[in-house]
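Structure, as C-alpha cells:
The values are calculated or read from the model by the stated rules, or taken from the named source; none is laboratory data. Computed from a prediction, not measured in an experiment: that's the story for all the values here. Cβ coordinates were reconstructed from backbone atoms using ideal geometry, including for glycine residues, and neighbour counts include every protein chain displayed.
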Amino acid sequence: MTSTQPANPTLHILNKPPGHPRFETCLQAIQDCDQLVLTENAVLALADRSVTLPAACKAMKADVDARALNEQTRTGTIDYAELVRLTAKHSRIISW
Amino acid sequence: MSTLIIVDQPPYGTWAGREALDMVFSLAAFDQPAALLFTGAGVNWLRKQQAPDAIGQKSVEKNLSAAPMFGVEEILADTASCERFGLGPEQLVSGVTLAENLQDVMNAHSNVAFAG
Amino acid sequence: MTPLSYTLVITGAPWSSQAPQSALAFARELLVAGHRIDRVFLYGEGVLLASALATPPSDEVNWPKQWAGFLADNAIPATVCIASALRRGIIDDTEQARYELPGNNLLEPFGIAGLGEWVEGNVKSDRVIYFHGSN
C-alpha cells in the first residue's frame, strides 16, 4: 500500500523509557524527514545498547544531566530554548 | 484539520482509554473531524461482550457503538495488534475498521494525540 | 521569527510524573522566545497539579505553587477539565455547593471547565503540546 498523504515533517517528543510499548511504537512511526526529541525517561535510550535511534535525534540536556548520562554521546543535547524553536518550526507535533 | 486520538493502554487498568473517548466525543460535539485509533494493548477495548460489573466499572461497548451517531468519523484498530491479542473480525465490536499501516493512518490526520 | 500561540495540555500528575516540571520549563522558554500561551489545560491525572492542598516537605519544590505563580505573573488562563477533576477530588466552591461537599481545594488561578476549552485550543492555537506521564 502506498502512502495516502505526502509526508509532513513531524516533531516527535518522546518521554517513555526504552521497553515501554509507546517507545517502540514511536520509533516505528518516525519517517525519514522527521525529528525526534528524547525527554524525561526516554533519555535512557542513550545508554541502552539494544536501541537504534534515528539520525535526526536530540536529547534534553537537563534530563541527560539528571541521569548522569552526559558521557553518552549517541545524540546531541538541546535545552528548552532549542525545544521551543523546534516546536515553532514544525507545524505537526506528536507527544508520545 | 482532523484529529486522531490514539488509545494504546489496555482497558480497565487505567482511565486513559475512557478519557481518550471523552476527547474524541468532545471534538465531534464541536463539529471537529475526529477519529480513534486503537493499537497495542489498547485494542482490547474493542473485544465484544466485556462484562466489567464485578470490577465496578462500566463497559464502553455502547459508547463505542454510538460513536458514529455522535459524529466520530472512524474507529480504527491496528491489524497487527488485533492479531497479537487474538482478536478476529468476529470478536470485534461493530463499526471498527482494521488499519494495516499506522504511518498512513497518522499521516491522514493533521493532529495526533494521546489522552495520557 | 513569527510569534506563535500555544495551548499546553498536562496529563501527568506531580509526584507520579515529570510532566508538570517539563511543561513549566517549556512554558517559561516559550515566553522568553516571545510566543504566547493561550491556555494551559489540565486533563486526566494532570488535574492533581491544581490541588491547593499538596504539601511536599519544605525542602522540595511545590509544583502546584510554582505553576500557580507562573500563571498569575503572566496572566495565562488555566483550566482544569471538570470530569477529570471531580473524579479525582479537585473541587471549586461552585462544585462544592452543587454536590454538598465538605470542602474545596482548587488552587487559584486555575478554573474548572469542560473539554470544550481544549477543543478551542485545538482550533485556535498554532500549536498544542502535550505533557504526559512517562510510566
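Tally time: how many residues in the range B:29-53 are of a type in the set (D, E, K, R), at negative phi and assigned to a loop (DSSP other than H, G, I, E, B)?
Number satisfying all stated conditions: 1.
Does at least one position in the range C:31-38 carry a residue that is more than 18 Å from C:PRO109 (Cα to Cα) and touching a strand residue (DSSP E or B) at 6+ places or on another chain (Cβ under 8 Å)?
Within the range C:31-38 (the criterion being more than 18 Å from C:PRO109 (Cα to Cα) and touching a strand residue (DSSP E or B) at 6+ places or on another chain (Cβ under 8 Å)), the answer is yes, since at least one residue qualifies.
List pairs: first residue in the range C:109-130 and farther than 17 Å from C:GLY44 by Cβ, second residue outside any helix (DSSP H, G or I) and aromatic (Phe, Trp, Tyr) anywhere in the structure, Cβ distance under 6 angstrom, at least six positions apart or on different chains.
Cβ pairs passing all conditions: C:SER125/C:TYR6; C:ARG127/C:TYR6.
In the range C:12-29, which residue that is in contact with a Leu (Cβ under 8 Å, 6 or more places away or on another chain) and closer than 18 Å to C:VAL128 by Cβ is surrounded by the fewest Cβ atoms within 10 Å (Cβ to Cβ)?
Only one residue fits best here, namely C:GLU29.
Output the number of residues of the range A:63-80 satisfying the condition of being surrounded by 15 or more Cβ atoms within 10 Å (Cβ to Cβ) and facing another protein chain (nearest Cβ under 9 Å).
Looking only at that region, the number is 2.
Cβ-Cβ distance below 9 Å, separation of 6 or more or different chains: which pairs start in the range B:23-36 with a residue that is over 15 Å from B:HIS109 (Cα atoms) and in contact (Cβ under 8 Å) with a residue 12 or more places away in the chain and end on one that is surrounded by fewer than 18 Cβ atoms within 10 Å (Cβ to Cβ) and of a type outside the set (A, V, I, L, M)?
Listed pairs, sorted by first residue: B:PHE25/B:ASN63; B:PHE25/B:PHE70; B:PHE25/B:GLY71; B:ALA29/B:PHE70; B:ALA29/B:GLY71; B:ALA29/C:GLY116; B:ASP31/B:GLY71.
Out of the range C:42-60, which residues are surrounded by 15 or more Cβ atoms within 10 Å (Cβ to Cβ) and either among the small types (Gly, Ala, Ser) or touching an Asp or Glu at 6+ places or on another chain (Cβ under 6 Å) (or both)?
C:GLY44, C:GLY46, C:ALA50, C:SER51, C:ALA52, C:ALA54 - these are the residues of the range C:42-60 that are surrounded by 15 or more Cβ atoms within 10 Å (Cβ to Cβ) and either among the small types (Gly, Ala, Ser) or touching an Asp or Glu at 6+ places or on another chain (Cβ under 6 Å) (or both).
Yes or no: B:ALA29 hydrophobic (A, V, I, L, M, F, W, C), modelled with pLDDT of 95 or more and crowded, with 21+ Cβ neighbours inside 10 Å?
The answer is no for B:ALA29.
Considering only the range C:1-50, state which residues are of a type in the set (Asp, Glu) and within 14 Å of chain B (Cβ to nearest Cβ).
Selection gives C:GLU45 alone.
Name the single residue that is nearest to the other protein chains (Cβ to nearest Cβ) among those in the range B:30-78 being farther than 23 Å from B:MET1 by Cα and among the β-branched types (Val, Ile, Thr).
Per the stated criteria, the residue is B:VAL43.
So, in the range A:49-73, of the ones that are basic (Lys, Arg) and over 12 Å from the mean Cα position of the chain (by Cα), which residue ends up farthest from B:ALA115 (Cα to Cα)?
Checked the range A:49-73; the qualifying residue farthest from B:ALA115 (Cα to Cα) is A:ARG49.
With respect to the numbered conditions (1) within 14 Å of another protein chain (Cβ to nearest Cβ); (2) among the aliphatic types (A, V, I, L, M); (3) touching a residue at least 40 places away in the same chain (Cβ under 8 Å), which one is the sole condition not fulfilled by B:LEU98?
(3)
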